[in-house]
Amino acid sequence: MISLKSVRVEFRRFALQDISLELETGDYFMLVGPTGAGKTLLMETIAGLHPVKSGEIWIEGRDVTRLEPEKRHIGMVYQDCALLPHLSVAENIVFGLKVRRVANGEIKRKLAEIVSIIKVEHLLERKPGKLSGGEKQKVALARALATSPRLLLLDEPLSSLDPESREMLQQELKRLHRELGITVIHITHDFDEALLLGKHIAVIGEGGIRQAGTPEEVFRRPSSEFVARFTRMRNIFAGKISGQTGDGSVFRTDGMELVTTSRKTGATHACIRPDDIDISTSLASHPAPNSFIGTITRIDEVGMAYHIFVNVPPEVCCLVTRRSFREMGLTVGKKVQIHFAPDSVHIF
């Protein structure tokens, strides 16, 4: 188990405070947050590169708070790989073993084992300057794993790769985690990556952990406006619970009355993910609960889909596929009906 207990770290004029996290052995933990939130600072603190002002860091039942980095049994991969340009791939992979003065026979055995797992046998004689971005990351990963770490730290390892290489490495990381069962903490800005790889996730910002849980909990049920906005919830409305129904509550905001399964009371916020909202060009004369008629005010193309903004009021953002967009003939100024289920309305 990896445990951070009320950790405080100061770096220049920035501080992380009261950082508490629990990771089970074998977890794949994603750490996300805006630029400058302290993600890399926290990761490097776990690795022992920054002193802890207060609090404790435990790895597999051992207090490593004041322990030197090389004694923590941690592997780390940065975004820029940090390979030594004058060494071959094979020499880069075993560099950490040589620093630890491991016997030559064991180094050869470990090299053969790691290159077989990471599948970089064909690259061993090359220098880093002759590798693609994806190949460099695989070598950096092999080097980190060669020392048999108890914990693997990945600092945005895929962010500089092209989409094809990124997808390939995502699948490779998934395979390696499944086969090796190693505990991983992975920093990313890519929400799809977090959902694909992460068993658990934490959002960091404003100097602390804002929310931690499963990807479903964090992305579908944010605990604050900060987390909701960071995870691109988009539809966030201030209001209050104005009554109860048989299965939940009624949330009232300017222009809309929403039925939700939540039992919270008083002044709150409601949020709905764009992909939980259905849109139709057929206008019902007697709309069901959480059905509203409005006018399209804006259309944004987002990859293989579209964000459709519908003014009820207020303005609501919906997500539709390219096929649905074409079939419905959606245009700015067109009247449409939107609908979403009560359990899609999250209250915080």
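A short reminder: the numbers here are calculations on the coordinates, not readings from a lab. Computed from a prediction, not measured in an experiment: that's the story for all the values here. Note that we place each Cβ from the backbone using ideal geometry, even for glycine, and neighbour counts take in every protein chain shown.
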The extension gain from Leu87 to Glu167, computed as 0.36 nm times the residue separation minus the Cα-Cα distance, is 26.0 nm
Helix hunt in the chain: which complete DSSP H runs extend at least 15 Å axially by C-alpha with mean Kyte-Doolittle at least -1.0?
104-118, 133-146
Set Lys and Arg Cβ to +1 and Asp and Glu Cβ to -1, take the dipole of the chain about its Cα centre, and tell me which of Thr147, Ala15, Thr268 lies farthest positive.
Thr147
D for the stretch 26-115, whole µm²/s, Stokes-Einstein with Kirkwood Rh over alpha-carbon pairs at 20 °C and 1.002 mPa s: what number?
137
Order of Met43, Met304, Met1 under a 10 Å beta carbon neighbour criterion, fewest first
Met304, Met1, Met43
Over the stretch 1-150, consider all pairs of different Cα atoms and compute the Kirkwood hydrodynamic radius from their mean reciprocal separation; express it in Å, one decimal.
16.9
Only helical DSSP H runs with n ≥ 4 go in: add -39500 (n - 2.57) per run for the chain, normalise by residue count and round the 222 nm mean residue ellipticity to 500 deg cm²/dmol.
-7500 deg cm²/dmol
Coordinate range along principal axes, alpha carbons of the chain, Å, largest first
80, 46, 36
About its Cα centre, how strong a charge dipole does the stretch 25-134 have in debye, to the nearest 20, once Lys and Arg get +1 and Asp and Glu get -1 at the Cβ?
300
Would you tally the net charge around Arg326, using a Cβ to Cβ cut-off of less than 14 Å, leaving Arg326 out, and scoring K and R as +1, D and E as -1?
+1
Using a Förster distance of 22 Å, how high is the FRET efficiency between Ser159 and Val302, based on the Cβ-Cβ distance and rounded to 0.05?
0.70
Report Rg(Cα)/(2.2 N^0.38 Å) for the stretch 233-347, keeping two decimals.
1.06
Percent antiparallel among DSSP beta bridges (both partners in the stretch 2-220, rounded to 5)
55
Charge dipole (the chain, unit charges on Cβ, about Cα centre) - positive-most of Val310, Leu31, Leu49:
Leu49
How would you order 277-285, 18-26 from highest to lowest mean count of nearby Cβ atoms within 10 Å?
18-26, 277-285
